[in-house]
Amino acid sequence: MPDVNHAALQGLGYWEINKLHYHTGTPVEVVFRTSPEPGDDGRLTGTFVDPGGEQGVPELRDNGAGSHTLSFTPEHEGYYQLLIEQEGAASTHLAKAILPVGHHLHGALSPVGSELELVPLDWTGWQAGDSLRLRAVQGGQPAAGVAVTLFYRGPLDAVHPVTIGAGGEGEVEFVLSQPGFYVAVARAEADRGGPELIASLPVLVTKATHRTHDHHDEHNHNAHHHHQ
């Protein structure tokens, strides 16, 4: 199990994503976990953005003990972006997840428009050794100077967190050195005061294989290449 007790991630809600891709017409269910203390997780609201940029509202189910299930049925192939806004007294956590619907997807993503977010410059089925390039965006503008930290949550031996200050275009680049679960986290002061803004994005990384052979893809014989 990923280690969720890392001090810097303490109290920060997180996604449990255990699938490499999803399919159209089949319900997608993703769990978001918060502190198990009742009333401690603030108010949660969920939205999703489909590959065409249209917004929708997923069903949000409270399972108790800090577990919440978000579900929706994707109608299109491409990247769906799922966003939870977790409002607490001291901070607002904007937790985004990128869900591939279909096979062999690769491409750029647009911002979903939250107050602070990490926007990948490209997205693919990540493998160990790949470089992850993100842009920190605040209020629709590149957030130069914002600190972005990449945490490793397991299951292999600990990879130390790496923090990079975003460059002039808000860009940071990390190497995904091991397979497993990562989460990128950015923190910034809110534009008009108020609670601190925290943006997070999970990254699921598999072992390095040849790109042309998706060993993890049991449906490979049915797969077609999709480029966006």
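Key figures for this structure:
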| item | result |
| --- | --- |
| Pick from the range 157-184, criterion small (Gly, Ala, Ser) and touching a Phe, Trp or Tyr at 6+ places or on another chain (Cβ under 9 Å), ranking: surrounded by the most Cβ atoms within 10 Å (Cβ to Cβ) | Ala184 |
| Counted residues, the range 110-144 - those being in a loop (DSSP other than H, G, I, E, B) and under 19 Å from Leu94 (Cα atoms) | 11 |
| The range 40-66: number of residues that are hydroxyl-bearing (Ser, Thr, Tyr) and either in contact with a Pro (Cβ under 8 Å, 6 or more places away or on another chain) or surrounded by 15 or more Cβ atoms within 10 Å (Cβ to Cβ) (or both) | 1 |
| Tally of residues being within 18 Å of Arg187 (Cα to Cα) and within 19 Å of the chain's Cα centre (by Cα) across the range 140-159 | 10 |
| For Val172: the one exception among (1) assigned to a loop (DSSP other than H, G, I, E, B); (2) in contact (Cβ under 8 Å) with a residue 12 or more places away in the chain; (3) not charged (D, E, K, R) | (1) |
| Residues of the range 67-101 satisfying the condition of being surrounded by fewer than 17 Cβ atoms within 10 Å (Cβ to Cβ) and either of a type in the set (S, T, N, Q) or not in a strand (DSSP E or B) (or both) | Ser67, Thr69, Ser71, Thr73, Glu75, His76, Ala89, Ala90 |
| Residue selected from the range 82-138 under the condition among the hydroxyl-bearing types (Ser, Thr, Tyr) and under 15 Å from the mean Cα position of the chain (by Cα), by the criterion farthest from Leu20 (Cα to Cα) | Ser114 |
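Residues are listed down the side, and each one gets a yes or a no for (1) of a type in the set (Phe, Trp, Tyr); (2) modelled with pLDDT of 90 or more; (3) part of a loop (DSSP other than H, G, I, E, B); (4) under 17 Å from the mean Cα position of the chain (by Cα):
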{"residue": "Met1", "(1), (2), (3), (4)": "no, no, yes, no"}
{"residue": "Val4", "(1), (2), (3), (4)": "no, no, yes, yes"}
{"residue": "Lys19", "(1), (2), (3), (4)": "no, no, yes, yes"}
{"residue": "Thr24", "(1), (2), (3), (4)": "no, yes, yes, no"}
{"residue": "Val30", "(1), (2), (3), (4)": "no, yes, no, yes"}
{"residue": "Glu37", "(1), (2), (3), (4)": "no, no, yes, no"}
{"residue": "Thr45", "(1), (2), (3), (4)": "no, yes, no, yes"}
{"residue": "Phe48", "(1), (2), (3), (4)": "yes, yes, no, yes"}
{"residue": "Gly52", "(1), (2), (3), (4)": "no, yes, yes, no"}
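The values are calculated or read from the model by the stated rules, or taken from the named source; none is laboratory data. All values reported here derive from a predicted model rather than from experimental measurement. Don't worry about glycine lacking a Cβ; one is built from the backbone with ideal geometry, like all the others, and counts go over all protein chains shown.
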